[in-house]
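So the structure is just underneath, and the comments pick up after that.
The values are calculated or read from the model by the stated rules, or taken from the named source; none is laboratory data. For clarity, every value in this text was computed on a predicted model and none was experimentally measured. Heads up, the Cβs are rebuilt from the backbone with ideal geometry, glycines too, and the neighbour counts pull from every protein chain shown.
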Amino acid sequence: MAYDLIVIGTGPGGYVCAIRAAQLGLKTAVVEKNPTFGGTCLNIGCIPSKALLHASELFEEAGHSFAKMGIGVPAPKLDLKAMLGFKDQAVDGNVKGVEFLLKKNKIDSFFGAGRILAPGKVEVKGNDGKTQTLETKSIVIATGSDVAKLRGIDIDEKRIVSSTGALTLPEVPKHMLVIGAGVIGLELGSVWRRLGAKITVVEFLDGVLPGMDGEVRRQAQRLFEKQGMTFKLSSKVTAVDTSGKTLKATVEPAKGGAAETIEADVVLVSTGRVPYTEGLGLKEAGVKLDERGRIITDHYFATNVPGIWAIGDVIAGPMLAHKAEDEGVAVAEILVGQAGHVNYDVIPAVVYTMPEIASVGKGEEELKAAGIAYNAGKFPFTANGRAKANQQTDGFVKILADAKSDRVLGVHIVGSDAGNMIAEAAIAMEMGAAAEDIARTCHAHPTLPEAVKEAALAVAKRAIHM
Ligand SMILES: Cc1cc2nc3c(=O)[nH]c(=O)nc-3n(C[C@H](O)[C@H](O)[C@H](O)COP(=O)(O)OP(=O)(O)OC[C@H]3O[C@@H](n4cnc5c(N)ncnc54)[C@H](O)[C@@H]3O)c2cc1C
């Protein structure tokens, strides 16, 4: 039977694309080489990491914050096996949810590695080695990404781990060396610090969270340091000696110079992710990649080969689940002649640490580099009633608005629940709101989002509670 659409990969890009295509009446199938649906995000990414962040945060709170709220409990005891079980349940529930949705939308599923034989032809090689060839009008590649490896440092997922291994460590390391101060390193470093590990983070650049607003980056680093993380910035790990009982990492200044040795029980390699296209047959099909191995697409997610499209981590843009999802929806709509579209100026990014760090739109450095005049309004959570009531006053909201039109260009939040608060900013930006619009919107009291309103008021230098 011929399909209208075959989607290769069922991460957030692929499964969402398949569902939207089915909603629009396309006869759709998915091909997945993993035994479960959901891709990186559901199996070894967003979901398990957030389950461990949640559990470890409560563990830390039980140990440190309950008493001051008048909750007397004995010192919490870690049952790591049970905590990992809690995380596995979260994964299982989400993965089964995708299975249910695919069935509900009458999408056919094929388990096995997909390979493009030609436009309109996908070969699926099952785990039993048997192959079958499926026919289709269109192919969407949504094969995602894989861990970026560091030359000379072999990941064994036991002592030298990627994010995948760091989600299943059987015991809390005494000392974990994290290579890379990006989102994944800081999130998983936070998990294991809360559970008792000493954390040293080595970062090649001169600050944490490269790419984010400078003030946010500096504040975040200070807060992580206050929590006990140690940072070695402008430094690189060049080798890890695995011969002894503890690992010995060679750390050098990024610009070169005298090396030092740092001993650790576990090394987490979190230096980023790379697009994954292995075994897809792209070379033979003539699909072009860029210099970083990403599939080149046009504004409509079309590759250079007619009938073959690509979305998600495997193409350019931020490697985020919701970006992949929105591209999945857009390409399905484009396939039926609708005007599918993704607004890359409004893609929120969240770091799920405590406090959380969230941003959407441009940072101050980006605006300066682009020569855009802006007004900044900032409001600290120390002045927000709810944050004070909760005694979670770290951080601030900063709104950057065009100096002439007052249109919101970027919103940056460091603070408890920043990840939920950024949604308001994203909606405002999507609607082309001015800072004045946010400032004049009634916000419930007492809530943390009142800090967003106050930051919007501060753009015009008229914050009330500051
Ligand atoms: C530890 C960690 C935490 C993260 N946390 C967040 C977060 O909090 N928020 C967020 O937005 N993003 C997060 N991400 C990133 C997020 O997981 C990715 O951006 C997202 O999964 C990309 O979706 P995708 O559909 O493009 O690809 P993927 O989710 O990578 O899915 C690709 C799928 O394609 C399959 N596949 C590959 N090749 C073939 C083939 N030839 N045949 C058949 N199937 C194939 C794979 O098995 C996989 O299931 C995190 C990532 C990691 C590693």
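Some observations on this one:
- Residue selected from the range 21-47 under the condition assigned to a helix (DSSP H, G or I) and surrounded by fewer than 24 Cβ atoms within 10 Å (Cβ to Cβ), by the criterion nearest to the ligand (Cβ to nearest atom): 46
- Looking across 143, 136, 164, one residue alone is at pLDDT 95 or above, over 24 Å from residue 289 (Cα atoms) and hydroxyl-bearing (Ser, Thr, Tyr). It is 164.
- Complete set of residues in the range 337-359 that are in contact with a Gly (Cβ under 7 Å, 6 or more places away or on another chain) and hydrophobic (A, V, I, L, M, F, W, C): 346, 350, 358
- Between 206, 154, 146, the distinction of being within 12 Å of the ligand (Cβ to nearest atom) and of a type in the set (Asp, Glu) belongs to 146 only.
- Filter result (assigned to a strand (DSSP E or B), over 24 Å from residue 306 (Cβ atoms) and charged (D, E, K, R)) within the range 113-133: 125
- Failed condition for residue 321, given (1) under 22 Å from the mean Cα position of the chain (by Cα); (2) of a type in the set (A, V, I, L, M); (3) surrounded by fewer than 20 Cβ atoms within 10 Å (Cβ to Cβ): (3)
- Residue count, the range 1-20 (criterion: away from the ligand (no atom under 12 Å from the Cβ) and part of a helix (DSSP H, G or I)): 2
- Sole exception among (1) within 12 Å of the ligand (Cβ to nearest atom); (2) more than 25 Å from residue 133 (Cβ to Cβ) for residue 68, by number: (1)
Yes or no, residue by residue, for (1) of a type in the set (Lys, Arg); (2) modelled with pLDDT of 95 or more; (3) more than 16 Å from the ligand (Cβ to nearest atom):
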position: 179; (1), (2), (3): no, yes, no
position: 198; (1), (2), (3): yes, yes, yes
position: 224; (1), (2), (3): no, yes, yes
position: 233; (1), (2), (3): no, yes, yes
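- Matching residues in the range 302-318 - criterion: being within 12 Å of the ligand (Cβ to nearest atom) and either at positive phi or buried (at least 21 other Cβ atoms within 10 Å of the Cβ) (or both): 310, 311, 312, 313, 314, 315, 317
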